[in-house]
Structures are given as structure tokens and as C-alpha cells.
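The values are calculated or read from the model by the stated rules, or taken from the named source; none is laboratory data. These numbers were taken from a predicted model, which means no experiment stands behind them. Glycine gets a Cβ as well: all are built from the backbone with ideal geometry, and neighbour counts include every protein chain shown. Side chains are part of the model used for accessible areas, which takes the heavy atoms of the whole protein and leaves out ligands, DNA and RNA. Shrake-Rupley method; radii C 1.70, N 1.55, O 1.52, S 1.80 Å.
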Amino acid sequence: MLEKINKTGDIREISPDDYDALAKEIREFLVQKVSVTGGHLASNLGIVELTMALHLVFDFNRDKVIWDVGHQSYVHKILTGRKNNFDTLRKLDGMSGFPKRGESRTDCFDTGHSSNSVSAGLGMVSARDICGDDYSVISVIGDGAATGGMFFEALNNAGRLKTNFIIILNDNEMSISQNLSGMACYLSSLRTATSYNDLKEQVKKRLSRLPRVGGNIVNSISDMKDRVKQLFIPEMMFENLGVTYLGPIDGHNTNQIVQTLREAKNLKRCVLIHVVTTKGKGYCWAEQEPDRFHGIGPFDVETGRSKSACNARTWTDVFSDALLREGAACPRLTVITAAMPDGTGTKPFGIRFPQRFFDVGIAEEHAVTFAAGQAACGLIPVVAVYSSFLQRAYDQILEDVCMQDLHVVFAVDRAGIVGADGQTHQGLFDASFLSEMPLEDALHYAIYECSGPVAVRYGRGACPDINSGRDALPLSSKRSEILEEGTDATLFAVGTMVKIGKDAAHILRNEFHLSVRLVNVRFIKPLDTETLRVCAEDGPVITLEEGERIGGFGERAAAYLAEALPGSRIRILAVDDRYVPQGTPDELRKRLGLDADSIAESIASFVQECEQE
């Protein structure tokens, strides 16, 4: 069946008798391809029939579907003529693991973060109506993403619509980690309300059989239907907001979904279809461990075991262990995460200290202000969050934490280049936007020796063993540390770039015969002006960071030297004003000129320029 799917719309040539066969082939295709490239597997296995139904009812050459988060868009890519590109999935210059407007006209909106699909869909609906078009707009959102504040804000707006807009709530009882939210409990109550749906169908069938009047009666009882629904489902949140609710329906029954979609398509209002699916369906290992197969590297199909297992301790491992130690020593320490206890390494803390651990769901803004409330009452909250997700809480950090000088510790994971998830997940902006606020740096110091807001920033992957240099000053000094001495130039390396800077210094010494002083920048802010000025007096200065040039450490260092030491020479090595696509971290650093070889060449060229002046 899958051989017949080569472009958008080809699925409509498939016989309904073959839908199950096609779904099975799609799942086999996904398991085989993702086992080689890695990717988001469990969510895509769970949404096969739903995606097929969407393509059977709608024409996505003109109709528009917005995939919330977007990691479940693989089946959509298969059905829109991109199945031959799956060997390049999430690779450098290959097919993105998320919807990309530049990749296909059937991708109408780039996604990568959660809870925004309904807002985007509402915008498209308004544009459609203003321009006099008649295409359909469908937003597909998971139950995990439905815990996000943007979803509720948009839902409140959607209830006023007098035009068609379809929201599909894909309920698989899982976010990336177990979904423990109030929304999860509410959806659970809806899933158990099958008695209402069974009764509704029985009444409709019996009334329809009445000669002459049956059809009219069925068409005239919509108001009564809502009242009956209230008897069986007392808290109809969606209906009370003005959104028509259909469901719950079996998300693995293609024909049932098709029928429901066609019904929803004809309604002149906002419709929410509640679809119940199984995350990881069709592949036993993914069904048993949907959280592990949410985003996974290459794996063995037969055993489900990862091929690229790494035994090296990661930055997150180091943070997790330190958090446990500090939690045992400090009873006022709390930990907050936004639906990422596994990814941020905070789960062990939650198991050991459950009363001091808070998973607030996909709600970074709430997490930050929640932490501010705790800090205002004497606790020391640690907010553990990915760099790219912390961007959502900019206003809360500034207004609720920093302006009140509250002691909140931000543990910023996945800082710098992340890799295969691409633009939406690279952690390149936190140093810039956090440096605009009153912040400092490292966990023990942040907890015990700080009184205001402080951010500890660390990368993804293995944590290198970098020995401290001769100036291993305590963190309370707020000073950088000199790891290696040199006479021709000074390289100030930030965070994850210290190891790469060390490799570059080695290349400079052996291939360019240059002696470079290597400095570990432990504090992006406050700026260690003393070390910076002394090194600039000795010769050229180079700054190296895995973040945006604009607003980063290098720009701040250059601004200081321009005023304090006019005529000093400084070169900034960072990510120029751009978004970084997917690829391995090593591939991306090379392309950005931030690998050891490129750094060494850039420094050698800069030193030569300075000598010629």
C-alpha cells in the first residue's frame, strides 16, 4: 500500500478495505527508518490512523493543519511525498523532524514548542475569512501540550467563533513524561464517559427509523443533546467555553475518525474532537516504554535497545547528583520543572524529596512565578528548564524574580548547540537575555552564597573533565580562572567551549607555533573586568562562546574594553545573527566556525593582523 503513496492526495486512491494494511506498513516504515536515524518514534506510531483520516477528508495542498510541537508530523510527511527523504531525517541539510514551511507547501506553520497550535489556527481562520477563502483549518494538539497556558487562552477566544475551526485533542495519556495535570484528570473522566456516547448513538438510530418524522426529530434535538450530555458528563469545560465537543472516539479506527471529521467540517463554529490513542502503538517496545521512545537515538529493532548508549556522565547527570546532595543538606531547597523531570535530571530529587518537588506541566511562565512566590516566603527554589524553553518566561524572570531580587536558581540545561532537533531547540539565546537581568553562576554557590536571582548554565551531552588552573579561585570571587598560560594572545572560553578552546590552543601551539593563554569564563555576568583588562594589556583577546553574538559575553567584553582600554584588540567568536538548523553538534560547530580547527585558524589570522599593525 505504501508504494502507492508518492504525493499529497494519493491516499484517497486507497480502498477503505486496505486502511488497516496501510497503517501497518506505515508503522513498519517508521520503526525501520527511525531505528537508523533516531527521532520521535512513539508519538508518530500513535497518530497513524488519525493522520490518515485527516488526509482522506482534507486536501492539504490548500487546507491547513498545524501540528502542535510538531514531533508527531512524520506520518504527515510520508503522506505528502517525503517518504524517500527519511534516510536524511534530522541530519545536516536533511529532512527536519518538525514541520517546516520551507520544506513543503503542506507544512503551513513551523512548530517545535508546545501549546501554540490553537492560537496559530485561530489566526489562520481569521485570515481565511477576511480574504474570502474557504479552506479548512485544523489544529492537532496532544493532551500534554493542552496543559500549557496558551491553549487555554486560545480556547477562550475560540468559543466566540461563528465560522468553522477544528481542534483535534490527541489524548494518549502521555506527555514526554507521565502527565499528572488537572487536564489529564479531566480527560480521564471524559474517556470513562462512554455510556453517554453509546446512549446518544442508540437514540439517534431509533429515532431515525420513525417514518417521515424521524429525521426531523434527530435534527431538532441539539439543545436537548447538550442537556443530556451534562447529565453524564457534569463538567463539560469545552462546551461551557462555547466550543462544540465531539468524543471521545477511537483514534485507531480510521473510518470512525473520517466520519467525525466530515461532521465537524460542516459546523460553523469551533469544534474540538477528542481522540484517544495509544502512544507507541504497533511496536511493543515503544508501547511498553513510550517515554524512552518519545525521542530516541538509533536502536535495534528486535530488542529495542539503543545502539548509541553512552556511559559518560553528562552535564545533566552532574547537576542531578549535586541537586540530591544539596537537597539533603538544605531543607528549604525546592525543585520545579515544567513537564521535564527526566530530561532535566530532577526525577531522582522528586523521588527522594516528593514534598519539595513540583512538576507544573508545560507552563514555563507559571513555573517561574511559582518559584518567585516560594522565594518570597523564604524557600530556595531551583527551576530546572531547557534553555530554549526558558525563553517563554522572559517577562516572568524580569518582572517577578529580578525586580524583586528574589533568590531563585535557574538551572539552564541544553545551553548552546543541541543538535538534531534544529532551530527550535538550540540553546543559543539564554546568555544574551539573561545577561540583561541581574544574574550570576554554579549550584552550591547559587544556593548558599547568593541572595538574589542566579542562573547556572550547562550544555547537553558528556561532561568533559577540565582541571582547574593555577588561579582556581573560589566562586565567591566572581573571577575567571586561567587554565593555561600563553604569551601571544588570550582566549576567553565560555562553558561548553572550554574543552574546544583547549583543543584549539593545542592546535595553535603545534601547527601555528603560537602560545595562547586559555581562560575559563565562569561568570558571564557579572563581568570579570580585572582579568579581562590585564589580559588585554598583554595582547590580543579572543572570546569564544556557544551562543548568540548579539548580547553575548563577547559583545559585553568588547564594550568594556572599548571604554576602559581604548585601542585594545578583541575578536568575538560566536553564533552570528541566525537560526541554527539540525545536525550533530560537531557538524554544526564546524559549519559555524566554532570547531577547534576553525577557531585555531581564526585566532592565528587575528594574531597576524595585530602584529602587522
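Can you give the charge dipole size of the stretch 487-613 about its Cα centre, rounded to the nearest 20 debye, using +1 on the beta carbon of Lys and Arg and -1 on the beta carbon of Asp and Glu? Mind dumping the intermediate values first?
Details: 15 positive and 22 negative charges, 70 e Å.
So the dipole magnitude of the stretch 487-613 works out to roughly 340 debye.
Over the stretch 321-423, what portion of Cα pair distances is larger than 15 Å, expressed as a whole percent?
Working: 3126 of 5253 pairs.
When every Cα pair of the stretch 321-423 is considered, 60 percent fall beyond 15 Å.
So how many Å³ per residue does the convex hull of the Cα atoms of the stretch 276-381 work out to?
In the stretch 276-381, the Cα convex hull volume per residue is 131 Å³.
With each label point set 7 Å from Cα along the Cα-Cβ vector, what nm distance links residue 509 and residue 103?
Inter-label distance under the simple model: 4.4 nm.
For residue 321 and residue 131, what is the calculated FRET efficiency with R₀ set at 60 Å and r taken between the beta-carbons, to the nearest 0.05?
0.60
Which value, in debye to the nearest 20, gives the size of the charge dipole of the stretch 1-92 about its Cα centre, when Lys and Arg are +1 and Asp and Glu are -1 at the Cβ?
480
For the stretch 488-592, which trypsin sites (Lys or Arg not before Pro) are in a loop by DSSP, counting at most 12 other Cβ atoms within 10 Å?
The qualifying sites are 578.
Could you order 95, 237 so the one with the most accessible surface comes first? Probe is 1.4 Å.
Working: 95 10, 237 55 Å².
Result, largest first: 237, 95.
With the cut-off at 21 Å, tell me which of the pairs 4/281; 64/100; 307/590; 91/279 have Cα atoms farther apart than that.
4/281; 307/590; 91/279
May I ask you to evaluate 6.51 cos²θ - 1.76 cosθ + 1.60, the Karplus curve with θ = phi - 60°, for each residue of the stretch 68-78 and list the ³J(HN,Hα) values in order in whole Hz, giving x for glycine and proline?
For the stretch 68-78, the Karplus-derived couplings read 4, 6, x, 6, 9, 9, 4, 5, 4, 5, 4 Hz, x marking Gly and Pro.
Give me the percent relative contact order of the stretch 478-613, please, defined on Cα pairs under 8 angstrom at least 6 residues apart. Show your work: numbers first, answer last.
Numbers: 225 pairs, mean separation 37.6, N = 136.
Relative contact order for the stretch 478-613 comes out at 28 percent.
May I ask you to give the solvent-accessible area per residue for the stretch 105-171, in square angstrom, as obtained with a 1.4 angstrom probe?
So the stretch 105-171 comes to 34 Å² accessible per residue, rounded to a whole number.
Please compute the Kirkwood hydrodynamic radius of the stretch 456-613 from all pairs of different C-alpha atoms, in Å with one decimal. List each step's numbers first, then the result.
On the way: mean 1/r = 0.0633 Å⁻¹.
Hydrodynamic radius (Kirkwood, Cα pairs) of the stretch 456-613 is 15.8 Å.
Need one value: the accessible area of residue 163 in square angstrom, 1.4 angstrom probe, rounded to the nearest 10.
Surface open to solvent at residue 163 totals about 30 Å².
Could you calculate the contour length gain from residue 578 to residue 485, that is, 0.36 nm times the residue separation minus the distance between their Cα atoms, to one decimal place in nm? List each step's numbers first, then the result.
Numbers: separation 93, 0.36 × 93 = 33.48 nm, distance 3.36 nm.
Computed gain between residue 578 and residue 485 is 30.1 nm.
Tell me whether the stretch 532-613 comes out rounded, prolate or oblate; compute the Cα gyration tensor, take square roots of the eigenvalues as a ≥ b ≥ c, and use a/c under 1.5 as the rounded threshold.
oblate
Would you mind working out the accessible area per residue for the stretch 256-389, using a 1.4 Å probe, and quoting it in Å²?
In whole numbers, the stretch 256-389 has 45 Å² accessible per residue.
With the crude spin-label approximation of a point 7 Å out along Cα→Cβ, what separation in nm comes out for residue 263 versus residue 376?
Result for the modelled spin labels: 4.7 nm.
Projected onto the charge dipole of the stretch 58-138 (+1 at Lys/Arg Cβ, -1 at Asp/Glu Cβ, origin at the Cα centre), which of 69, 118, 89 gives the Cα projection farthest towards the positive end?
89
Among 348, 255, 327, pick out the residue whose Cα is farthest towards the positive end of the charge dipole of the stretch 244-396, where Lys and Arg carry +1 and Asp and Glu carry -1 on C-beta, about the Cα centre.
The residue sitting farthest along the positive end of the dipole is 255.
Could you work out what % of the accessible surface of the stretch 26-86 is carbon and sulfur, using a 1.4 angstrom probe and leaving DNA, RNA and ligands out of the count?
40
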